[in-house]
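To keep things clear, I will list the structure first and then write my remarks on it.
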Amino acid sequence: MTLAAAMSALLLGGCVAVTEDVYTAVSPVAVAQSSKARPAGSILVRIFKEESELEVWKLGADGRYALLKTHPMCRWSGKLGPKKTNGDRQAPEGFYQVTASLMNPNSKYHRSFNLGYPNPLERALGYTGDSLMVHGACSSSGCFAMTDEGVSEVYASAEKAFSLGQSDFQVQAFPFRMSAAQMARHRMDPNIAFWRNLKLGYDVFEVTRKEPDVAACGGRYVFDSRAADGVSPILATSACPVMASSTDPEVLAKREKDKQTIQTLLSENRAGSAMAYSDGGMNPRFRDILEKLGAKELAKETSADAVQVSRPDAALADPFKADH
């Protein structure tokens, strides 16, 4: 492949475009994750688009994760909803496993790690694209931009976890915090069926503070489940076999309570409406700087190389205005 062709492929495929190092991801071998013995000090990452936040969680000696830090996210692009095609500017939503091979200490966005998109479910659904990163600066075309300082902290947490023996860490990327109220508010979105599927995994972690086992079949994610016969494979490219679930009773209780809350909000006409926005989002901390000092100053604040802020006018349109 010529250099020009390589740069063109990057421009279409991921957020890094032609300003990022040519860095090829090693795709995870499978979405399915058997129960793993994680060493204490392992991490797990959750990303929330609408809130423009990234959480790092740390595993304690009791086998449960505790929140280590919530990082404000400077920029993400596209709309709420999954990434499906090259060039759609969508930041991904779903469940990903990041190995040491997906970490890039020499990114032109300071530090980065590749989410491994498309995962096996996304490939089975025919989704296309690559090089979807969490990185520094405040520029995104399908990625999650953390600022140089922010990504350095997340990167250091991952490096420490790898040094303790963690083989990979799970990244859970969501459109928003998946409360009953938010699910009711977004009930008319064309992605709502997909988000209901994501919420099943969200609920597992929210209640138990344990990493959910993630697999895929029949065009959807399945969590903490196995084939009932104990031998049939669970494959992203196939229909689901008869499944046996090991879902915690408290998780099931939360789902039932959320269902009732949603019904109440709808029946009382208190669900509200979804929000309209131009292109992605930006945490209010950075939007205030953008509004007061302008894009050039924000670029200096968020990147040692003063990487240009992507679509600053669209970022100023946030927080999302009500779509009346």
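Some points to look at:
- Residue match in the range 155-170 (condition: under 23 Å from GLU250 (Cα atoms) and in contact (Cβ under 8 Å) with a residue 40 or more places away in the chain): yes
- Selection within the range 164-186 - of a type in the set (Gly, Ala, Ser) and surrounded by 22 or more Cβ atoms within 10 Å (Cβ to Cβ): ALA173
So that you can scan it fast, the table gives a plain yes or no per residue for (1) over 22 Å from ALA173 (Cα atoms); (2) at pLDDT 95 or above; (3) in contact with a helix residue (DSSP H, G or I) (Cβ under 9 Å, 6 or more places away or on another chain); (4) not acidic (Asp, Glu):
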position	(1), (2), (3), (4)
LYS199	no, yes, yes, yes
PHE205	no, yes, no, yes
ARG209	no, yes, no, yes
GLY219	no, yes, yes, yes
ASP224	no, yes, yes, no
ALA236	no, yes, yes, yes
CYS240	yes, yes, no, yes
ALA253	yes, yes, yes, yes
ILE289	yes, yes, yes, yes
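- The helices (runs of 4 or more DSSP H) falling completely within the range 219-324 that include 1 or more residues that are free of Cβ contacts under 8 Å to residues at least 24 places away in the same chain and open to solvent by less than 40 Å² (accessible area, probe 1.4 Å) map to 295-302, 312-316.
- Pairing each residue of the range 125-144 that is in contact (Cβ under 8 Å) with a residue 60 or more places away in the chain with any residue that is of a type in the set (Ser, Thr, Tyr) and part of a strand (DSSP E or B), provided the two are 6+ apart or on different chains, yields C-beta distances under 7 Å for MET133/SER112; VAL134/SER112; HIS135/SER112.
- For the range 135-148, the criterion of being of a type in the set (Asp, Glu) and closer than 17 Å to ARG285 by Cβ is satisfied by at least one residue.
- Candidate set from the range 207-218 (those that are in contact (Cβ under 8 Å) with a residue 60 or more places away in the chain and part of a strand (DSSP E or B)); member that is farthest from TYR65 (Cα to Cα): ALA216
- Consider the range 187-203 and keep the residues that are basic (Lys, Arg) and surrounded by 15 or more Cβ atoms within 10 Å (Cβ to Cβ). The one that is nearest to LEU252 (Cα to Cα) is LYS199.
- Any hit, the range 90-101, residues being farther than 30 Å from ALA37 by Cα and either touching an Asp or Glu at 6+ places or on another chain (Cβ under 9 Å) or of a type in the set (Asp, Glu) (or both): no
- In this structure, ALA161 does not qualify as within 30 Å of SER273 (Cα to Cα) and surrounded by 16 or more Cβ atoms within 10 Å (Cβ to Cβ).
- Condition met for ALA61 (open to solvent by 10 Å² or more (accessible area, probe 1.4 Å), free of Cβ contacts under 8 Å to residues at least 40 places away in the same chain and part of a loop (DSSP other than H, G, I, E, B)): yes
- Filtered residues of the range 101-124 (kept if farther than 23 Å from PHE205 by Cβ and surrounded by fewer than 20 Cβ atoms within 10 Å (Cβ to Cβ)): SER101, PRO105, ASN106, LYS108, ARG123, ALA124
The values are calculated or read from the model by the stated rules, or taken from the named source; none is laboratory data. Source: prediction; values computed, not measured. Cβ: placed from backbone, ideal geometry, glycine included. Neighbour counts: every protein chain shown. Surface accessibility is based on the protein's heavy atoms, side chains included, excluding ligands, DNA and RNA. Shrake-Rupley method; radii C 1.70, N 1.55, O 1.52, S 1.80 Å.
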